[in-house]
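Novice: Sharing a structure below in structure tokens format, with a few things to ask.
The values are calculated or read from the model by the stated rules, or taken from the named source; none is laboratory data. Since the model is a prediction, treat every value here as computed from it, not as a measurement. Glycine gets a Cβ as well: all are built from the backbone with ideal geometry, and neighbour counts include every protein chain shown.
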Amino acid sequence: MQVAEQRDAVAGAAAAPTARKGGPEAAEAEAYGIPRRRGRAGRRQQSIAYVYLLPALAIYTLFLLVPLGHSAWISLYRWDGLSPGTWVGLHNYADAFTDPQLRASFVHSLVLIVFYAIIPVGIGLLLAGVIVRAPRLRFLSAFRVVLFLPQVVASVVVATTWSMIMAPEGVLNDVLSAVGLGSLTNDWLGDFSTALPAVGLIGTWTEIGLCLVLFLAGIGQIPRELYEAARLDGAGPVAEFFAVTLPGLRRQVVIALALTVTAALRNFDVIFVTTRGGPGTATTVPAFQVYHQAFEANAVGSASAIGITLLVIIGVLVAAINRLDVRDS
């Protein structure tokens, strides 16, 4: 009996320092032979990790943070890019919200968000819901490839192709005339009332594939038991979508919205190729205004202010969208 008590006392004394130094986790690590990172050694390993990150951080700073800071500094001046600049403070930023043309460009971006983000996400969810109910559709893989193809084609090629389709003598008007709807033919990219929606539809066509691929990947992570339980309870396609599919795709919807909203706000190449901001200023957007102010109006300070304002708006919207992603605790 005394021998057993002595053995227990020795074991308790040996375990006490371990508990004081690291608790059960440290004891378990030592039991499995995992070396503990103590004081100086742990700090040394952390320092080495930062050393490995320095090249990437240097490149990031040199090519992104430094130009961004320089642009923010230029935005405080009235400068044509050649002669000495004049300090104007926040006047360029005030112009971005008070000048009718500049303010209209931001409004146009809000309209494009509907075409680039809201409609593609809605159509993507609809197609994902259909595919869930019929997972063995023939040619499903080919269907995915065709829808995702616009994402891998250069946007300049996309814009050029759609410019020819929507031209007055283009394929779209030929099809309308062939089916007896000749009265609807129009110069889609040259009409004040249809130019912006026409550009938006190009964005819709481009972004649907991205949304669908994200949603199909998310559906693959939803347990099949949830669908089986919903169908056993008598849920129809609509009830099943809102009870199982949509909640399971919350994270993918947030990612899709963040990507497509960003694409809508930084849209430049499609506008430049198709309309160059016209007719008039009907399709000007902030990214195009940055180009116009810097290289056509010789107002580099104003262009920098518009760019910084656009960056802030994108950051705020993406942060707000990310708040929709309710993670499991």
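Novice: Could you tell me which numbered condition Gln221 fails, if it satisfies all but one of (1) under 24 Å from Ala142 (Cβ atoms); (2) part of a helix (DSSP H, G or I)?
Specialist: Going through the list (1) under 24 Å from Ala142 (Cβ atoms); (2) part of a helix (DSSP H, G or I), Gln221 breaks only (2).
Novice: Does segment 316-328 contain at least one residue that is surrounded by 15 or more Cβ atoms within 10 Å (Cβ to Cβ) and more than 20 Å from the chain's Cα centre (by Cα)?
Specialist: No.
Novice: Whether any residue in segment 299-318 is closer than 22 Å to Asp80 by Cα and either part of a loop (DSSP other than H, G, I, E, B) or aromatic (Phe, Trp, Tyr) (or both) is what I want to check.
Specialist: yes
Novice: Could you say whether any residue in segment 263-280 is assigned by TED's automatic domain parsing to the domain that holds Leu212, assigned to a helix (DSSP H, G or I) and within 23 Å of Ala128 (Cβ to Cβ)?
Specialist: yes
Novice: Restricting to segment 222-263, name every residue that is surrounded by fewer than 20 Cβ atoms within 10 Å (Cβ to Cβ), free of Cβ contacts under 8 Å to residues at least 40 places away in the same chain and of a type in the set (A, V, I, L, M, F, W, C).
Specialist: Once the filter is applied, which keeps residues that are surrounded by fewer than 20 Cβ atoms within 10 Å (Cβ to Cβ), free of Cβ contacts under 8 Å to residues at least 40 places away in the same chain and of a type in the set (A, V, I, L, M, F, W, C), segment 222-263 yields Ile222, Leu226, Ala229, Ala230, Leu232, Ala235, Val238, Ala239, Phe242, Ala243.
Novice: Looking at Leu196, Leu212, which one is within 22 Å of Asp269 (Cβ to Cβ) and either assigned by TED's automatic domain parsing to the domain that holds Ser109 or surrounded by 19 or more Cβ atoms within 10 Å (Cβ to Cβ) (or both)?
Specialist: Sole residue among the options that is within 22 Å of Asp269 (Cβ to Cβ) and either assigned by TED's automatic domain parsing to the domain that holds Ser109 or surrounded by 19 or more Cβ atoms within 10 Å (Cβ to Cβ) (or both): Leu196.
Novice: Can you tell me which residue in segment 104-155 is surrounded by the most Cβ atoms within 10 Å (Cβ to Cβ), limited to those that are polar (S, T, N, Q) and under 27 Å from Gln289 (Cα atoms)?
Specialist: Once the filter is applied, the top-ranked residue is Ser105.
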